[in-house]
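Participant: One structure, pasted below without further comment.
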Amino acid sequence: MTFRACFLQKILFFFLNLIRWKKQVLFTNLEYIYPQINLSQKKIFYKKLLKNLTQDAADFITKSCIYSAKNSKFIIDSKSLPVLEKMKKGGLMLTAHFENYEAIGPWLVRLNIPLVASYARLHPKFLDKLVYKHFRTIDSQSYSLFINNSKDILQNLKAGKLFCLLADQDYRKSHFICGNFLKKTVHCNPIPQFILSHLSQTPVYLCWLNSQNNHKILFAKEIYPKNGEELFQFFHQWLELQIEKSPEKWYGWVHRRYLSTMNSPSN
């Protein structure tokens with residue numbers, strides 16, 4: 001971390017810890033997934049997650065984790081190179097709220113990948129403009145897009161864009177894909193099924209960043225689902241593996257991922 005990022009991380013950590021940000025949500029999720037976990041373990045887990053989250057946020061805000069070919073600390077996984085080359089022709093990319101996920105967009109743009117990432121507008125309006133201009137734009141190129149309807153996604157895919165979807169969020173509308181994640185039932189976004197049903201030849205990718213020995217490494221993998229349900233099976237298997245390696249780096253713990261299904265009789 002740079003000095004600026006380190007300083008900002010300490011401020012963010014102090015403030016979020018002080019207000020106990022999302023602490024109860026995280027505790028509820030941990031109890032749901034790991035019923036044997038005790039209070040002391042939950043507190044330790046919370047502090048570790050906050051440290052990771054604020055470090056990643058500080059790196060992103062100060063732009064100290066943005067890919068540059070001249071910086072030896074930024075590495076492209078050798079096995080991922082042919083996949084990244086294919087991604088330049090467009091498709092559907094899935095990722096999760098896992099370690100430096102916000103930085104993936106700028107990395108891909110600098111690798112000349114035509115990324116389009118859907119986002120929800122922020123309020124007030126000036127905040128939305130600030131985030132759009134300074135944090136969702138790199139080298140004067142914006143990679144985020146407000147999607148009015150699903151047909152906009154199809155148009156972007158037909159134009160050769162790579163559409164990015166954060167696929168680890170609870171889907172609370174009536175039409176969902178049912179999945180299984182960390183041995184619990186979850187409701188998943190139906191957009192991948194919509195895409196595959198209209199553009200069945202759409203290539204599907206997973207993409208993520210890992211930190212190893214003070215280096216940041218970009219990984220990409222192509223998957224071959226027949227439908228939306230199988231797509232989420234592959235996605236959840238991948239994400240569960242990442243969580244098994246580094247459980248405190250999945251920030252979905254502070255989201256209400258299981259809200260739609262937590263009180264279901266089947267669980």
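The values are calculated or read from the model by the stated rules, or taken from the named source; none is laboratory data. Computed from a predicted structure; not experimentally measured. Neighbour counts are summed over all protein chains in view; Cβ atoms, including those assigned to glycine, are modelled from backbone coordinates with ideal geometry. Side chains included, ligands, DNA and RNA excluded: accessible areas come from the protein's heavy atoms. Shrake-Rupley method; radii C 1.70, N 1.55, O 1.52, S 1.80 Å.
Participant: Could you tell me how many of the residues in the stretch 55-85 are touching a helix residue (DSSP H, G or I) at 6+ places or on another chain (Cβ under 9 Å) and not acidic (Asp, Glu)?
Facilitator: Final tally of qualifying residues: 16.
Participant: While we're here: Sort out which residues of the stretch 210-225 are closer than 22 Å to LYS89 by Cβ and in contact with a Ser or Thr (Cβ under 9 Å, 6 or more places away or on another chain), and write them in order of number.
Facilitator: Answer for the stretch 210-225, where residues must be closer than 22 Å to LYS89 by Cβ and in contact with a Ser or Thr (Cβ under 9 Å, 6 or more places away or on another chain): LEU218, PHE219, ALA220, LYS221.
Participant: Is it the case that some residue within the stretch 39-49 is closer than 20 Å to LYS216 by Cβ, open to solvent by 30 Å² or more (accessible area, probe 1.4 Å) and in contact with a helix residue (DSSP H, G or I) (Cβ under 6 Å, 6 or more places away or on another chain)?
Facilitator: Within the stretch 39-49, one or more residues are closer than 20 Å to LYS216 by Cβ, open to solvent by 30 Å² or more (accessible area, probe 1.4 Å) and in contact with a helix residue (DSSP H, G or I) (Cβ under 6 Å, 6 or more places away or on another chain).
Participant: Another one. Quick test of your reading of the structure: ARG172 fulfils all but one of (1) open to solvent by 60 Å² or more (accessible area, probe 1.4 Å); (2) assigned to a strand (DSSP E or B); (3) touching a residue at least 60 places away in the same chain (Cβ under 8 Å); (4) over 21 Å from ASP77 (Cα atoms). Name the failing condition by number.
Facilitator: Unmet condition: (2).
The rows are residues; the columns are (1) open to solvent by less than 30 Å² (accessible area, probe 1.4 Å); (2) in contact (Cβ under 8 Å) with a residue 60 or more places away in the chain.
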site	(1), (2)
ILE177	yes, no
PHE194	no, no
ASN227	no, no
LEU231	yes, yes
HIS236	yes, no
GLU244	no, no
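Participant: Continuing with the same structure: Within the stretch 137-155, is even one residue outside any helix (DSSP H, G or I), closer than 23 Å to GLU222 by Cα and either open to solvent by less than 20 Å² (accessible area, probe 1.4 Å) or of a type in the set (Ser, Thr, Tyr) (or both)?
Facilitator: The answer is yes, given that some residue of the stretch 137-155 is outside any helix (DSSP H, G or I), closer than 23 Å to GLU222 by Cα and either open to solvent by less than 20 Å² (accessible area, probe 1.4 Å) or of a type in the set (Ser, Thr, Tyr) (or both).
Participant: Here's another thing I want to ask about it. Which count do you get for residues in the stretch 190-218 that are at pLDDT 95 or above and assigned to a loop (DSSP other than H, G, I, E, B)?
Facilitator: 6
Participant: I'd like to check something: does the stretch 157-166 contain any residue that is open to solvent by 20 Å² or more (accessible area, probe 1.4 Å), within 16 Å of GLU230 (Cβ to Cβ) and either part of a strand (DSSP E or B) or modelled with pLDDT of 95 or more (or both)?
Facilitator: no
Participant: Looking at (1) within 28 Å of LEU111 (Cβ to Cβ); (2) under 15 Å from the mean Cα position of the chain (by Cα); (3) in contact (Cβ under 8 Å) with a residue 40 or more places away in the chain, which is the one condition that is false for ASN189?
Facilitator: In the conditions (1) within 28 Å of LEU111 (Cβ to Cβ); (2) under 15 Å from the mean Cα position of the chain (by Cα); (3) in contact (Cβ under 8 Å) with a residue 40 or more places away in the chain, ASN189 misses (3) alone.
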